[in-house]
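Participant: Would you mind keeping the following structure in view while I ask a few things?
Every number in this text was worked out from the coordinates using simple rules, so none of it is lab data. Every value quoted in this text rests on a predicted model; they were computed, and no experiment measured them. For neighbour counting, all protein chains shown are included, and Cβ atoms are generated from backbone atoms with ideal geometry for every residue, glycine included.
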Amino acid sequence: MSTTLTKGASAQPPATKAAIPAVPLLHSSVAASVSIGHPVLLATLFAWRFDALVADPVSTLFTALPVVAAIQAAYVRLCLPVAGSQGAKTAKKLRPGEKKKDATGPNRFATTVIALLLTLMVTPILHLLFILFGAPFVTHIAHTFLCCAHFAVLTVFPILYVRGSDPQALHAVLGASAPVDQTFGGLAGATVGAWLGAVPIPLDWDREWQKWPITIVVGAYLGYIFGSEVLGTVFYGKRWATPGPKEE
């Protein structure tokens with residue numbers, strides 16, 4: 001009898017977590033146009049300020065940060081669903097007889113401000129991670145912090161805007177098990193780009209653009225543009241890792 005009970009218990013389907021969906025672009029002509037112009041604008045701004053970045057990294061990164069933040073804020077508000085809206089929620093089947101909630105939806109402006117503030121709070125954590133991965137510890141503090149701030153505004157801010165404080169969704173993003181979309185693709189691309197950007201720094205070329213953290217910033221921007229636009233489109237909805245171990 002105990003064997004029967006055991007088999008019966010094991011026959012019960014295990015509780016599964018709700019799937020984390022990919023975040024789509026908003027269905028509007030404005031969103032389509034802005035999503036195309038967004039990387040072009042970032043690339044143009046970066047190319048225009050590259051000589052200044054090489055000459056004075058700290059001043060250039062500092063003055064460019066609010067401009068990039070404004071570009072990112074406009075991009076997420078015009079192109080992406082805000083956290084808590086139907087487009088950004090975890091996929092969920094309605095129960096029989098259950099109706100969709102008719103709500104006005106979350107406040108986009110408030111979510112934008114909160115996401116930016118949380119991004120600012122995450123920046124010191126990124127600074128520590130950069131140091132653990134080889135960034136200067138006692139020198140170039142302002143350089144590294146501003147580099148992390150740009151990285152955070154490019155990648156962390158859009159994710160917080162669309163995912164909010166949902167721990168399951170954020171855990172999936174950090175664990176690389178979230179489906180690919182423009183936000184996750186941008187994070188993955190910028191991370192790989194920044195890592196590859198460190199390669200030229202120790203080479204004995206004695207070039208001005210090899211100074212810390214110029215190549216890291218270049219790699220992060222190029223990786224973000226490639227990841228959000230190319231990976232987020234070609235591999236949209238694909239998963240690079242499974243959400244968790246399968247139960248037998």
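Participant: So how much slack lies between LEU120 and ALA32, counting 0.36 nm per residue of separation and subtracting their Cα-Cα distance, in nm?
Facilitator: Here the answer is 28.8 nm.
Participant: Could you give the size of the charge dipole of region 123-248 about its Cα centre, using +1 on the Cβ of each K and R and -1 on the Cβ of each D and E, expressed in debye and rounded to the nearest 20? Could you put the intermediate results ahead of the total?
Facilitator: Numbers: 6 positive and 8 negative charges, 17 e Å.
With Lys and Arg at +1 and Asp and Glu at -1, about 80 debye.
Participant: Still on this model: Quickly work out the LEU41-to-LEU128 label distance, labels modelled 7 Å from Cα along the C-beta direction, and quote it in nm with one decimal.
Facilitator: Between LEU128 and LEU41, the label points sit 3.4 nm apart.
Participant: Same structure, new question: Just to be sure I understand the model, the point goes 7 Å from the Cα along the line to the Cβ. What's the resulting ALA70 to SER177 distance in nm?
Facilitator: Each label point lies 7 Å from its Cα, and together they span 4.1 nm.
Participant: Give me the number: length gained by fully extending VAL138 to VAL58, i.e. 0.36 nm times residue separation minus the C-alpha to C-alpha distance, one decimal in nm.
Facilitator: Full-extension gain reported as 27.2 nm.
Participant: Along region 190-197, what does the Karplus equation 6.51 cos²θ - 1.76 cosθ + 1.60 (θ = phi - 60°) give for ³J(HN,Hα), rounded to whole Hz, x for Gly and Pro?
Facilitator: Ordered by residue, 3J(HN,Hα) equals 5, 5, 5, x, 5, 5, 5, x Hz.
Participant: On to the next question. Suppose every K and R has +1 on its Cβ and every D and E has -1 on its Cβ; what is the size of the dipole of region 180-246 about the Cα centre, in Debye to the nearest 20?
Facilitator: Details: 5 positive and 5 negative charges, 76 e Å.
My answer is approximately 360 debye.
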